[in-house]
Amino acid sequence: MAGLDGGRLNIAASALGAAQAALDATLAYMGERKAFGQTLDQFQALQFRLADAEIELQAARVFLRQAAWKLDQGAADATRHCAMAKKFVTDAAFRVANDCLQLHGGYGYLADYGIEKIVRDLRVHQILEGTNEIMRLIVARDMLKARG
Ligand SMILES: Cc1cc2nc3c(=O)[nH]c(=O)nc-3n(C[C@H](O)[C@H](O)[C@H](O)COP(=O)(O)OP(=O)(O)OC[C@H]3O[C@@H](n4cnc5c(N)ncnc54)[C@H](O)[C@@H]3O)c2cc1C
């Protein structure tokens, strides 16, 4: 069971990297694609979506690093933090990648741009190495145990 802590960090890190790749590709694409006479990156509504994605990934990165640090230190609450990080990061990564697909419009759904593959790959990270429901179970049980 203890070995799963590191595995969960690994899954979260993989998800984070893939979501970052999707966001990088989306940022570039939005500077090229024109609609209604301007590039996509000039629409303020879409700029907000980029900002939300960046904020989510940065929050996920900090949270993941903290969990990894706790595992390295052998902290008493490392298992709880690894479960929290796995749940939070894989959910955030999927949301961001899915939004990146949307921002590519119809091309996002085609294999040519690689985004749909990232979305499919990230979907399983919410299931692998213990589902995200089980991550919540681990966190809640630890909270109840700590309360006594
Ligand atoms: C591509 C892929 C690769 C995999 N690789 C490996 C591997 O290398 N090694 C390995 O050991 N396993 C591997 N797995 C298995 C994976 O870990 C399991 O699929 C995962 O843990 C979920 O178990 P399950 O499929 O039996 O779902 P189930 O246990 O049948 O769960 C079904 C649903 O019920 C929910 N659920 C179940 N129990 C509870 C509960 N107590 N409270 C709340 N909700 C609950 C689950 O979250 C899920 O939503 C792999 C799976 C996939 C899809």
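The values are calculated or read from the model by the stated rules, or taken from the named source; none is laboratory data. Values in this document were obtained by computation on a predicted structure and should not be read as measured data. Neighbour counts are summed over all protein chains in view; Cβ atoms, including those assigned to glycine, are modelled from backbone coordinates with ideal geometry.
Starting from the range 113-132, keep only residues that are farther than 21 Å from F88 by Cβ and in contact (Cβ under 8 Å) with a residue 24 or more places away in the chain, then list their pairs with residues that are among the β-branched types (V, I, T) and more than 6 Å from the ligand (Cβ to nearest atom) whose Cβ atoms are within a distance under 8 Å, requiring at least 6 positions of separation or different chains.
That search, which allows pairs on different chains as well, returns I115/T26.
Would you be able to say whether some residue in the range 120-143 is out of contact with any Leu (no Cβ under 9 Å at 6 or more places or on another chain) and away from the ligand (no atom under 16 Å from the Cβ)?
No - not one qualifying residue is present in the range 120-143.
List the number of the failed condition for M1; all other conditions in (1) at pLDDT 95 or above; (2) over 22 Å from R123 (Cβ atoms) hold.
Of (1) at pLDDT 95 or above; (2) over 22 Å from R123 (Cβ atoms), only one is false for M1: (1).
Can you tell me which residues in the range 1-53 are part of a helix (DSSP H, G or I) and among the β-branched types (V, I, T)?
Listed by number, the residues that qualify are I11, T26.
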